[in-house]
Amino acid sequence: MARLAVNGVDLYYEERGNGAPLLLIAGLASDSQSWLPVLPGLAERFRVITVDNRGSGRTAPLDATTSIGTMADDCAALLGHLRLEAAHVLGHSMGGFVAQDLALRYPASVAKLVLAATASRSSKRNEDLFTGWADALDAGAAPDRWFRNLFYWIFSARLFEDPRAVGDFVRFAVEYPYPQTARAFRNQIEAIARFDGTGQLSRIAAPTLVVAAAEDLLFPMEACKQLARSIGGAELAVVDAAGHSLHVEQPADFNQQVLRFLAA
């Protein structure tokens, strides 16, 4: 557990494991702890670096100015601070936007790139959905109901056949000791809405794997396929029986795809 003062924030990050460096960048309303289901498997092979994006977790202040570009700048500064010439980079959802921007503006810093459950831009449907979530937070929605509504979108229908599992996820989210504020959440969704990397995808030089979730409602299979087609030489892998949070629902299958690609 460590912190780095950079670009006007106190950036929180953690490291685990040995080997080639692998930077994990989380998605909307998530932080370094969102990688816990896959962390042990990845850390067996890599020096895994997880970071709390600005506006989440233990990075402070939570209400710092936020954009996809500033989050990418934070990641580049972190790699420099750790004296890493390059690292493999894995971004999920919004973190995939950050990873793309990092690969485009700091190409020497990215060895291999993994983009999970993401695209080159968000959709108008997603923007309206996320704004509705932010409005509910501002209106003081009950945390358990708010998270349950979020989970309907990020997990597969299969998960809801197990009420105990759903209850455990809700309980973990509600009791999490480093909650995101409503302002920080809105800052992140506004950053997502402003990002569009579509016209620059052909410039990504790093070998790239796009990992899609078969039952993703936010970035459906076709969006992931289009992302892979637009990046020269990119591979596409599919994790079955998973929604948007594919690394949480199917951590073993997710790790298998990522480790296969990074080891090649």
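Amide H to amide H distances under 5 Å link ALA20 with ARG47, where only residues 5 or more positions off or on other chains count and H is placed in the peptide plane. Note on ALA264 and THR65: their simple-model spin labels are 4.0 nm apart, each label 7 Å out from Cα toward Cβ. Multiplying the residue separation of ALA165 and ARG229 by 0.36 nm and subtracting their alpha-carbon distance yields 19.5 nm.
Neighbour counting of Cβ atoms within 10 Å sorts the residues MET221, MET71, fewest neighbours leading, into MET221, MET71. Each of ALA205 and VAL174 was given a label point 7 Å from its Cα along the Cα-to-Cβ line. The distance between the two points is 5.1 nm. Within the chain, the longest run free of GluC sites (Glu not before Pro) that sit in a DSSP loop with at most 16 other Cβ atoms within 10 Å is 86-264. The ranking of LYS124, LYS225, LYS112 by Cβ neighbour count inside 10 Å, starting from the fewest, reads LYS124, LYS225, LYS112.
Taking label positions 7 Å along the Cα-Cβ direction at both GLU190 and ARG83, the computed distance is 4.0 nm, reported to one decimal. Taking PHE46, PHE97, PHE160 as the candidate residues, the one with maximal mean-square fluctuation in a Gaussian network model of the chain, Cα springs under 10 Å, is PHE160. Multiplying the residue separation of ALA142 and GLU127 by 0.36 nm and removing their Cα-Cα distance gives an extension gain of 3.2 nm. In terms of the Cα gyration tensor, with a ≥ b ≥ c the square roots of its eigenvalues, is segment 86-224 rounded because a/c is under 1.5, prolate because a/b exceeds b/c, or oblate? Here segment 86-224 falls in the prolate category. Taking the number of Cβ atoms within 10 Å of each Cβ as an exposure proxy, the fewest-first ranking of ILE192, ILE68 is ILE192, ILE68.
Throughout, read-outs are computed from the coordinates displayed, never taken from laboratory work. Worth saying up front: this structure is predicted, and the values here are computed from it rather than measured. All Cβ positions, even for glycine, are placed from backbone atoms using ideal geometry, and neighbour counts span all protein chains on display.
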